[in-house]
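Asker: Have a look at the structure that comes next, please.
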Ligand code: CMX
């Protein structure tokens, strides 16, 4: 960890100096205004957070430290004979702010391998849950059980100085990222594969080892896991999982507690759980229509039925994006290369042609285009991973890279307790009548 910590600290010192200067010169500059509607509508569009690892543009999509997904696919180091970027690379980029060399990525892989031991009590806690428990509940429970290992919690109890917080936070982040594939694979094998477990393979990279421990050794699936873990890693700071992790971390809750909080948010159907909802919805459509390859007309009718029942079309729409998600496009490209004739994948592409015009015609949906979750499940099913309730766990393992890199930055930049002002409708009414002030301090 020596090199990684040295590089991180050097960048953190430089960034701290930049922020200090920036606030000295421009600290009172207004960055936007807040309307009454916005505070009743999920704070949509209010710029109110700093998140250093990635930035989302409504038209361009996500950029990690300035690099788009196609750029990262070209520039990040790959596994030997591999075609997809190694997620260790995007983690390094988010943490250190620069593209890694092959050597840097190998170094992260080896650190993660060394730190991947999961204590037995974590498995015992997961085993205590009924088999019917949703995999995301098992996953977050496993992470909570692992909190006994937090370096930060121990250091804080001993009285660590504020300026040193970042170091045990980074140790926790690395430990947690290293251990998550083992926990995820354990849950998968326990719930779906007769409780028969596969020991880690010390020669594999982080995502390859996850695939291996789940029982998927096909090179195509390993490549998919590397791509999947890279593209789901981060989506700037305001989405539910990133924001919840950052918020809870601002109370100096350790990375285990903070990440678990974020993943409880990821488990919501409007966020990460949408990936299971998409496949569930397609499977139900196929069953109802009695075909594996519904026509575009049949899909159109089914979409209208879903909407008429007051449900959302899963995998479509986004709070910030106003175009097809580049993460959807990256997966579509993978599908075209590896499985162009798969009827489920073709159905995802047919849905992509049918849904946007229907959603647009409703006149209220700001983004009728597909998001990341519209595609991922079909690729997983292709390789035999049909247990769709497990999909959000894969998303969670990947999202650890972004939210935990962010926690390191939060503490290195000394971000304080997050505490926005809230109001009551009564106070709003009095304010409109000029009888009460509702501004925060
Ligand atoms: N199907 C049907 N209706 C939709 C819709 C969809 N896919 N997307 C948005 N709408 C509706 C909203 O429910 C809202 O309806 P009401 O005014 O009746 O409440 C209206 O359109 C306006 O919503 P919006 O401003 O366009 O979208 P929001 O920022 O409020 O919500 C999101 C964004 C993602 C929650 C929403 O598009 C949605 O529910 N999509 C389906 C679930 C999904 O795919 N989530 C995954 C997102 C990516 C991720 O986080 O993983």
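The values are calculated or read from the model by the stated rules, or taken from the named source; none is laboratory data. No experiment lies behind these values; they were computed from the predicted model shown. Glycine also receives a Cβ, built like all others from the backbone with ideal geometry; neighbour counts cover every protein chain displayed.
Asker: Using the structure shown, decide if residue 312 is within 11 Å of the ligand (Cβ to nearest atom), in a loop (DSSP other than H, G, I, E, B) and surrounded by 17 or more Cβ atoms within 10 Å (Cβ to Cβ). I'd like the intermediate steps shown before the answer.
Answerer: Values: within 11 Å of the ligand (Cβ to nearest atom): yes; in a loop (DSSP other than H, G, I, E, B): yes; surrounded by 17 or more Cβ atoms within 10 Å (Cβ to Cβ): no.
Against the criterion (within 11 Å of the ligand (Cβ to nearest atom), in a loop (DSSP other than H, G, I, E, B) and surrounded by 17 or more Cβ atoms within 10 Å (Cβ to Cβ)), residue 312 does not qualify.
Asker: If you don't mind, there's one more thing I want to ask. Need the failing condition index for residue 237 against (1) more than 13 Å from the ligand (Cβ to nearest atom); (2) assigned by TED's automatic domain parsing to the domain that holds residue 181; (3) surrounded by fewer than 22 Cβ atoms within 10 Å (Cβ to Cβ), just the number.
Answerer: (3)
Asker: Further question: Can you tell which of 401, 407, 417 is in the same structural domain as residue 13 (by TED's automatic domain parsing), assigned to a loop (DSSP other than H, G, I, E, B) and closer than 27 Å to residue 140 by Cα? Can you show your working first?
Answerer: Values: 401 fails: assigned to a loop (DSSP other than H, G, I, E, B); 407 fails: assigned to a loop (DSSP other than H, G, I, E, B).
Going through 401, 407, 417 in turn, just one is in the same structural domain as residue 13 (by TED's automatic domain parsing), assigned to a loop (DSSP other than H, G, I, E, B) and closer than 27 Å to residue 140 by Cα: 417.
Condition check ((1) in contact (Cβ under 8 Å) with a residue 60 or more places away in the chain; (2) surrounded by 16 or more Cβ atoms within 10 Å (Cβ to Cβ)) across all residues:
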{"site": "113", "(1), (2)": "yes, yes"}
{"site": "124", "(1), (2)": "no, no"}
{"site": "132", "(1), (2)": "no, no"}
{"site": "148", "(1), (2)": "no, no"}
{"site": "152", "(1), (2)": "yes, yes"}
{"site": "155", "(1), (2)": "no, yes"}
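Asker: Name the residues in region 420-430 that are farther than 18 Å from residue 46 by Cβ and either in contact (Cβ under 8 Å) with a residue 40 or more places away in the chain or assigned to a helix (DSSP H, G or I) (or both), would you?
Answerer: Taking region 420-430 first, the residues farther than 18 Å from residue 46 by Cβ are 424-427, 429-430.
Scanning region 420-430 gives 425, 426, 427, 429, 430.
Asker: Related question: When you look at residue 229, is it within 16 Å of the ligand (Cβ to nearest atom), in a helix (DSSP H, G or I) and over 28 Å from residue 163 (Cβ atoms), yes or no? It would help to see each step written out before you state the result.
Answerer: Numbers: within 16 Å of the ligand (Cβ to nearest atom): yes; in a helix (DSSP H, G or I): yes; over 28 Å from residue 163 (Cβ atoms): yes.
So residue 229 fits the description; yes.
Asker: Among the candidates 286, 327, which residue alone is closer than 23 Å to residue 372 by Cβ and more than 16 Å from the ligand (Cβ to nearest atom)? It would help to see each step written out before you state the result.
Answerer: Working: 327 fails: more than 16 Å from the ligand (Cβ to nearest atom).
The match here is 286.
Asker: A follow-up question, please. Specify which of the listed residues (356, 368) is within 11 Å of the ligand (Cβ to nearest atom), outside any helix (DSSP H, G or I), without any contact (Cβ under 8 Å) to a residue 60 or more places away in the chain and touching a strand residue (DSSP E or B) at 6+ places or on another chain (Cβ under 9 Å).
Answerer: Working: 356 fails: outside any helix (DSSP H, G or I).
Going through 356, 368 in turn, the sole match is 368.
Asker: Can you tell me how many residues within region 58-78 are outside any loop (DSSP other than H, G, I, E, B), within 17 Å of residue 237 (Cβ to Cβ) and within 16 Å of the ligand (Cβ to nearest atom)?
Answerer: Looking only at region 58-78, we keep the residues that are outside any loop (DSSP other than H, G, I, E, B), and these are 61-64, 67-75, 78.
Next, from what is left, pick out any that are within 17 Å of residue 237 (Cβ to Cβ): 61-64.
Filter once more, so that each one left must be within 16 Å of the ligand (Cβ to nearest atom): 61-62.
Within region 58-78, residues that are outside any loop (DSSP other than H, G, I, E, B), within 17 Å of residue 237 (Cβ to Cβ) and within 16 Å of the ligand (Cβ to nearest atom) number 2.
Asker: Using the structure shown, decide if residue 380 is assigned to a loop (DSSP other than H, G, I, E, B), away from the ligand (no atom under 11 Å from the Cβ) and crowded, with 20+ Cβ neighbours inside 10 Å. Full working, then the answer.
Answerer: Working: assigned to a loop (DSSP other than H, G, I, E, B): no; away from the ligand (no atom under 11 Å from the Cβ): yes; crowded, with 20+ Cβ neighbours inside 10 Å: yes.
Considered against the rule, which asks whether it is assigned to a loop (DSSP other than H, G, I, E, B), away from the ligand (no atom under 11 Å from the Cβ) and crowded, with 20+ Cβ neighbours inside 10 Å, residue 380 comes out as no.
So that you can scan it fast, the table gives a plain yes or no per residue for (1) in a loop (DSSP other than H, G, I, E, B); (2) in contact with a strand residue (DSSP E or B) (Cβ under 7 Å, 6 or more places away or on another chain); (3) within 16 Å of the ligand (Cβ to nearest atom):
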| residue | (1), (2), (3) |
| --- | --- |
| 253 | yes, no, no |
| 260 | no, no, no |
| 269 | yes, no, yes |
| 277 | no, no, yes |
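Asker: Sort out which residues of region 15-53 are surrounded by 10 or more Cβ atoms within 10 Å (Cβ to Cβ), within 16 Å of the ligand (Cβ to nearest atom) and not in a loop (DSSP other than H, G, I, E, B), and write them in order of number.
Answerer: Answer for region 15-53, where residues must be surrounded by 10 or more Cβ atoms within 10 Å (Cβ to Cβ), within 16 Å of the ligand (Cβ to nearest atom) and not in a loop (DSSP other than H, G, I, E, B): 38, 39, 40.
Asker: So, one more: Please verify whether residue 328 is touching a residue at least 60 places away in the same chain (Cβ under 8 Å) and in a helix (DSSP H, G or I), treating the condition exactly as stated.
Answerer: Judged against the criteria, residue 328 is not a match.
Asker: Pick from 251, 244, 233, 260: which is on the phi < 0 side of the Ramachandran plot and more than 15 Å from the chain's Cα centre (by Cα)? Spell out how you get there, then give the answer.
Answerer: Values: 244 fails: more than 15 Å from the chain's Cα centre (by Cα); 233 fails: more than 15 Å from the chain's Cα centre (by Cα); 260 fails: more than 15 Å from the chain's Cα centre (by Cα).
Going through 251, 244, 233, 260 in turn, just one is on the phi < 0 side of the Ramachandran plot and more than 15 Å from the chain's Cα centre (by Cα): 251.
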